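J.: Dropping the structure in here first, questions after.
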Amino acid sequence: MNMDNKQEIFPLVDEEGRVVGSATRGECHSGSKLLHPVVHLQVMNPAGDIYLQKRPEWKDIQPGKWDTAVGGHIDLGESPEEALQREAREELGITDFTPVFVDKYVFESAIERELVYVYRCTYDGTLHPSTTELSGGRFWSMTELRAAMGKGLLTPNFESEFTRYFEW
């Protein structure tokens, strides 16, 4: 079983994204509500379906749920764009994509607070989901996503982003 490194150092930011300090993953995910930055990449195919990754059961946050295609923490000293490229390579094995910035917002749950940088891209190539970081993934149609909303299958962050950016 893999585990997240609770000693990994994350930058702490204000709501504009300016770095104001640092803390460990364990501190950030302990209910402290220390604001830390993450990137999300919504990946669509040319037909408009959205790719979701399946989170492994060992994850400390939302295990076993379907989530944004690419998501990860921004490392100390890394820009959102650098983190996005690194996470896309690590999680889906893609490097040849053109991300479009969508928005940034604060997401808060019972155990953490994140400044989320949201990007999207249309991708027509082959995806290679990481076998160590993910439990697979697939494209979902808009109909399937609407039917899954609120049933505990999708992460709350994905449901929030889907409603905000895709549900017109």
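The values are calculated or read from the model by the stated rules, or taken from the named source; none is laboratory data. This is a predicted model, so every value here is computed, not measured. Here the Cβ positions follow ideal geometry from the backbone for every residue, glycine too, while neighbour counts run over all protein chains shown.
J.: Arg55 - would you say it is touching a Leu at 6+ places or on another chain (Cβ under 6 Å), under 17 Å from Arg25 (Cβ atoms) and surrounded by 15 or more Cβ atoms within 10 Å (Cβ to Cβ)?
T.: Spelling it out, it is not the case that Arg55 is touching a Leu at 6+ places or on another chain (Cβ under 6 Å), under 17 Å from Arg25 (Cβ atoms) and surrounded by 15 or more Cβ atoms within 10 Å (Cβ to Cβ).
J.: Within region 148-155, can one find any residue that is assigned to a loop (DSSP other than H, G, I, E, B), among the basic types (Lys, Arg) and at pLDDT 90 or above?
T.: Checked against the condition, which is being assigned to a loop (DSSP other than H, G, I, E, B), among the basic types (Lys, Arg) and at pLDDT 90 or above, region 148-155 yields at least one hit.
J.: If I filter region 24-65 down to residues being in contact with a His (Cβ under 7 Å, 6 or more places away or on another chain) and in a strand (DSSP E or B), which single residue comes out as farthest from Gln85 (Cα to Cα)?
T.: Per the stated criteria, the residue is His36.
J.: Using the structure shown, decide if Val43 is without any contact (Cβ under 8 Å) to a residue 24 or more places away in the chain and more than 20 Å from Leu12 (Cβ to Cβ).
T.: no
J.: Is there any pair with a first residue in region 142-168 that is under 21 Å from Thr122 (Cβ atoms) and touching a residue at least 12 places away in the same chain (Cβ under 8 Å) and a second that is of a type in the set (Ser, Thr, Tyr) and surrounded by fewer than 20 Cβ atoms within 10 Å (Cβ to Cβ) whose Cβ atoms are under 6 Å apart and which are 6 or more apart or on different chains, and what are they?
T.: No pair meets every condition.
J.: Could you list, in sequence order, all residues of region 101-119 that are surrounded by fewer than 19 Cβ atoms within 10 Å (Cβ to Cβ) and either assigned to a strand (DSSP E or B) or not small (Gly, Ala, Ser) (or both)?
T.: If the condition is that a residue be surrounded by fewer than 19 Cβ atoms within 10 Å (Cβ to Cβ) and either assigned to a strand (DSSP E or B) or not small (Gly, Ala, Ser) (or both), then Phe101, Val102, Asp103, Lys104, Tyr105, Val106, Phe107, Glu108, Ile111, Arg113 are the ones that fit.
Each row is one residue, and each column tells you yes or no for (1) of a type in the set (Asp, Glu); (2) without any contact (Cβ under 8 Å) to a residue 40 or more places away in the chain; (3) over 12 Å from Glu133 (Cα atoms).
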| site | (1), (2), (3) |
| --- | --- |
| Asp49 | yes, no, yes |
| Gln53 | no, no, no |
| Lys65 | no, no, yes |
| Ser79 | no, yes, yes |
| Gln85 | no, yes, yes |
| Glu91 | yes, no, no |
| Phe97 | no, no, yes |
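J.: May I pose another question? Going by the conditions given, is Glu87 within 15 Å of the chain's Cα centre (by Cα), under 21 Å from His29 (Cα atoms) and either at pLDDT 95 or above or aliphatic (A, V, I, L, M) (or both)?
T.: It is true that Glu87 is within 15 Å of the chain's Cα centre (by Cα), under 21 Å from His29 (Cα atoms) and either at pLDDT 95 or above or aliphatic (A, V, I, L, M) (or both).
J.: Among Val43, Val19, Val13, which is closer than 23 Å to Gly152 by Cα, modelled with pLDDT of 95 or more and of a type in the set (Val, Ile, Thr)?
T.: After ruling out the rest, the residue left standing is Val43.
J.: Further question on the same structure: Just to verify a result, which residue in region 120-131, among those that are out of contact with any helix residue (DSSP H, G or I) (no Cβ under 9 Å at 6 or more places or on another chain) and touching a residue at least 60 places away in the same chain (Cβ under 8 Å), is surrounded by the most Cβ atoms within 10 Å (Cβ to Cβ)?
T.: Thr122
J.: Against the conditions (1) within 11 Å of the chain's Cα centre (by Cα); (2) under 19 Å from Leu154 (Cα atoms); (3) crowded, with 21+ Cβ neighbours inside 10 Å, where does Leu92 fall short? Just the number, please.
T.: (1)
J.: Please enumerate the residues belonging to region 78-94 that are within 17 Å of Val13 (Cα to Cα) and either in contact with a Leu (Cβ under 8 Å, 6 or more places away or on another chain) or outside any helix (DSSP H, G or I) (or both).
T.: Glu78, Ser79
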